[in-house]
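Heads up, the thing below is written out as structure tokens.
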Amino acid sequence: MKFVIHFVLVFFVFQNNCYSQQSKAELTKKFAITIKSVDDFFDRFNFKEKTNFRNFLITEFPDNNITREKLLYTLFNAKSKYCSDIDKKDFVNEVIKESYPQYINYKDTNWYAALNCSVLLNGKPEKLLLVLNVESKINDGFEWSITAAHSSFLDGSLGEIDATLFSEFKNKNILSDEKKYFLSPISHGIDFTNLDNIFTNKNHFKNYISKDIASSELIKLNNLITNSKIKFRQVESISYHLLQIDGWVLVLNHIENKDYANGWLVNQLIKTTENEKRIYKQKSLHIKLQ
Amino acid sequence: MRTKLIFALFLFSFTSLSAQIVPVCISEKYSNCYNDNQKWNTLLDKACEQLKLKKFPEAYKTLTEALIIDSVSSNGNVNAYIEVQHRRLRNYLKDLSQNANGEETNQEVAQPKAKVINVEESKPIENSVAANIEVKKVEETPTVEIKENIEPKETIIPVVEVKVDSIVSISQVEGTKTKIGDDEIKFTENDKFQFQEKGMQKVKQLESFVFQIGSKSTVQSLAMQSIAGAVKLFDNEERTVQVSSISSSEKRKSKIRAYLNKLRMLNYEDVKIEWADFQYASDFIKGRDGNYYGYIVFQQRFTATSIDKQKVYSDLTTKKIEVILKIYEKAEQGKITENWDIFLGDISVVQTSN
């Protein structure tokens, strides 16, 4: 707990809106403390050694006995009403349990990025939710693939003709000359600024979809893209949904706090059963489970 | 005892900041960098001569020109030794200019000294975080130094692997990994280090180019060469740079060449762009196309000034840049070897503050 207080102290020191009034050393420290990426979050969660952040802590707080438990508490948004102190305590105790410590990894299959996008549909602004996950399709390589799409303009059932596309989508086969139509495995690192490629490479939408996934929403989106009826504008916000910890769902958001920890923090901590996780995928992430 | 230690630390920091190492030219090392390009060789001689005459700004300009030529002719694989000398010279000139402009550095140094005295007088705060921060305030912004003895053109190590790990961890020390089975070899720690260093080197090259392009004191021909050099650092011209501003939540994207051209055309008297706090944020992960992808996070400080030298716009942004490791086959003397090179990819902006 003392460690957490120290962090707060640090942020009081840095509490200054105007960067030009802060020294370079202060800016560097603030930058070091901020959780700059999901990878950074993963490293802190796993208490990985020899990372930039661990090195920073050792240098700045040599007298502090930093443990994984203490560090885990700093990964929550202190201002969030969706992370109760009781849940946080339960969660941390479960994760660090000596007999069964739990860790998270980039290669885990059970975590998702939910992107709130703005698009133009026939010239009219609309919102589109795209849910992506990391997977390996071919060549032992990894990539971010679309698992679900959701929007009011994608509602409704498919017509008979479109229904034939369903099996085509599900049994999609990536040809070797289509190797370049994919989202880089570190797209999360650059906040999916490359997402517009999906809309630009109109005839290759299927390449960007998760294997074995087909849904009426994705087929409709495919049709809109290939017929140039939809134009991508930008990713408005991103949340990450981590379902790989037994009994818990974590939702990460990019948080800008002036006097607390900043960056990618747990903004929602949800205690769940495995069945509830399944429902969460269907209802919250709009994934059509096959 | 602890207070004394803090005080000693402070003094050490003060000394290290004040003692600027004057750049010199070791003729032998410079001549070792000669290549087939006569203009490059001439510029190195010229820079060396200028350094010997202590004409530092002139030497910096000459080395900048040399590096741009080298970068354009070598797809961004500039001579590492000269690049390090160039960076040192730039840092030296920066320190000189800071000391000349209102003794900004000394003011920063003086402040913590007073705080240290307070720490001595007030024992209870000795162990506080705040006390530590004040003492270490004088430390310079840490940057990742490129090791002087790296010679990238000679050290492009052929990657002999056929099948490699899908994730190359660059921050974990796991020891050297060797052959598993007949055709599966993983990257060694040395490989990972080389990839990491090379990626960082390319990002810093880009920083130099961006600085040159933005600066109004850069002559047009050199700025154009810098744009050409910067574009060559990317794996293709379709790569984009995302930009933001304090006044808008919209983040716009431009292709790399268009972005650099716009940067050159900015309607200010002068533009200063500083990048700092570079760090690798991820391991290199294999993609569908067989290349490996990682990214580097850094801070950008942008300052634009008007004719009367008044600051008219400044912002601080966190940027992320994709780094791509490409492995390719090369035929040399009848043998096919596998080589690698690092390129830059898309650049995103995370947040903007004033």
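The values are calculated or read from the model by the stated rules, or taken from the named source; none is laboratory data. Predicted model, so just to flag it, every value in this text is computed and none were measured. Note: ideal-geometry Cβ built from the backbone for every residue, glycine included; neighbour counts use all protein chains shown.
Observations on the structure shown:
- Which listed residue is surrounded by 18 or more Cβ atoms within 10 Å (Cβ to Cβ), at pLDDT below 95 and closer than 30 Å to A:Leu128 by Cβ, from A:Lys79, A:Lys107, A:Lys36, A:Lys29: A:Lys36
- Unique match (being in contact (Cβ under 8 Å) with a residue 12 or more places away in the chain and within 19 Å of the chain's Cα centre (by Cα)) among A:Ser237, A:Ser216: A:Ser237
- Selected residue (criterion: surrounded by the most Cβ atoms within 10 Å (Cβ to Cβ)) from residues of segment B:284-323 that are out of contact with any Lys or Arg (no Cβ under 9 Å at 6 or more places or on another chain) and more than 8 Å from chain A (Cβ to nearest Cβ): B:Lys319
- Annotation: B:Val231 fulfils all but one of (1) in contact with a helix residue (DSSP H, G or I) (Cβ under 7 Å, 6 or more places away or on another chain); (2) more than 21 Å from B:Lys198 (Cα to Cα); the unmet one is (2).
- In segment A:214-222, the count of residues that are within 14 Å of chain B (Cβ to nearest Cβ) and not hydroxyl-bearing (Ser, Thr, Tyr) is zero.
- Which numbered condition B:Val271 fails, given (1) closer than 24 Å to B:Glu83 by Cβ; (2) buried (at least 21 other Cβ atoms within 10 Å of the Cβ); (3) of a type in the set (A, V, I, L, M): (2)
- Flag if B:Glu207 is at pLDDT 50 or above, surrounded by fewer than 21 Cβ atoms within 10 Å (Cβ to Cβ) and more than 16 Å from the chain's Cα centre (by Cα): no
- Taking every residue in segment B:262-274 that is in a helix (DSSP H, G or I) and pairing it with any residue that is exposed (fewer than 14 other Cβ atoms within 10 Å of the Cβ), at least 6 positions away or on another chain, the pairs with Cβ-Cβ distances below 9 Å are B:Arg264/B:Gln220.
Conditions (1) modelled with pLDDT of 85 or more; (2) out of contact with any Gly (no Cβ under 9 Å at 6 or more places or on another chain); (3) within 14 Å of chain B (Cβ to nearest Cβ); (4) surrounded by 21 or more Cβ atoms within 10 Å (Cβ to Cβ), marked per residue:
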{"residue": "A:Lys124", "(1), (2), (3), (4)": "yes, yes, no, no"}
{"residue": "A:Leu128", "(1), (2), (3), (4)": "yes, yes, no, yes"}
{"residue": "A:Phe142", "(1), (2), (3), (4)": "yes, no, yes, yes"}
{"residue": "A:Ala148", "(1), (2), (3), (4)": "yes, yes, no, yes"}
{"residue": "A:Asp162", "(1), (2), (3), (4)": "no, yes, no, no"}
{"residue": "A:Leu165", "(1), (2), (3), (4)": "no, yes, no, no"}
{"residue": "A:Glu178", "(1), (2), (3), (4)": "no, yes, yes, no"}
{"residue": "A:Tyr181", "(1), (2), (3), (4)": "yes, yes, yes, no"}
{"residue": "A:Ile186", "(1), (2), (3), (4)": "yes, no, yes, yes"}
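Conditions tested, residue by residue: (1) modelled with pLDDT of 80 or more; (2) outside any helix (DSSP H, G or I); (3) surrounded by fewer than 16 Cβ atoms within 10 Å (Cβ to Cβ).
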site	(1), (2), (3)
B:Leu9	no, no, no
B:Glu28	yes, no, yes
B:Asn35	yes, yes, yes
B:Cys48	yes, no, no
B:Thr62	yes, no, no
B:Ala66	yes, no, no
B:Val78	no, yes, no
B:Glu83	yes, no, no
B:Arg90	no, no, no
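- Residues located in segment A:1-26, provided they are facing chain B (nearest Cβ under 7 Å), at pLDDT 50 or above and part of a helix (DSSP H, G or I): A:Tyr19, A:Ser20, A:Lys24, A:Ala25
- Number of residues in segment B:298-354 that are closer than 16 Å to B:Phe234 by Cβ and aliphatic (A, V, I, L, M) equals 7.
- Condition check for B:Ser353: touching a residue at least 40 places away in the same chain (Cβ under 8 Å) and closer than 28 Å to B:Ser244 by Cβ: yes
- Taking segment A:213-236 as the range and being surrounded by fewer than 17 Cβ atoms within 10 Å (Cβ to Cβ) and part of a helix (DSSP H, G or I) as the test, the residues that pass are A:Asn223, A:Thr226.
- When B:Val203, B:Val231 are checked against the criterion of being touching a strand residue (DSSP E or B) at 6+ places or on another chain (Cβ under 6 Å) and touching a residue at least 12 places away in the same chain (Cβ under 8 Å), B:Val203 stands alone in meeting it.
- The set of residues in segment B:233-253 that are over 21 Å from the mean Cα position of the chain (by Cα), part of a strand (DSSP E or B) and under 24 Å from B:Ile324 (Cβ atoms) comprises B:Ser244, B:Lys251, B:Arg252, B:Lys253.
- Scanning segment B:319-340 for residues being assigned to a strand (DSSP E or B) and farther than 17 Å from A:Ser184 by Cβ gives a total of 11.
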